[in-house]
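Just so you know, all these numbers are worked out from the coordinates, no wet-lab data involved. Just so it is clear, the structure is predicted and the values come from calculations on it, not from any experiment. In this analysis, Cβ positions are derived from the backbone assuming ideal geometry, glycine residues included, and neighbour counts consider all displayed protein chains.
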Amino acid sequence: MLNPNKLEELAKQIREMVPSGIKSAGDEFERRVKQLLQAKLNQLDMVSRDDFDVQAQVLLRTREKLSDLEQRLSEVEAKLTPLTDERSEPDQNEQ
């Protein structure tokens with residue numbers, strides 16, 4: 001999910017913005033902010049950057065394979081078209 005170090009950095013930045021008189025409760029505040037952030041981020045339907053990059057590569061390979069298959073299908077259809085045309089034309093000797 002999200003890098004725990006990033007959460008700690010964000011919580012630390014928030015704690016540093018708190019006035020000095022309240023900083024004595026900073027550790028508890030930081031812990032609660034981390035918990036809240038983690039809980040809210042876990043509710044989001046997110047994937048890690050690594051997972052996203054892997055899926056992007058899978059999609060790219062799939063598109064390449066699809067393109068190749070479409071090309072091969074076109075070639076097969078082009079080869080079959082003359083054969084089907086010959087079969088659909090009535091034989092002059094049969095009439």
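Miscellaneous remarks
- Checked against the criteria, Asp51 counts as assigned to a helix (DSSP H, G or I), free of Cβ contacts under 8 Å to residues at least 60 places away in the same chain and out of contact with any Ser or Thr (no Cβ under 7 Å at 6 or more places or on another chain).
- Filter result for Ser48 (under 26 Å from Leu7 (Cα atoms) and among the hydroxyl-bearing types (Ser, Thr, Tyr)): yes
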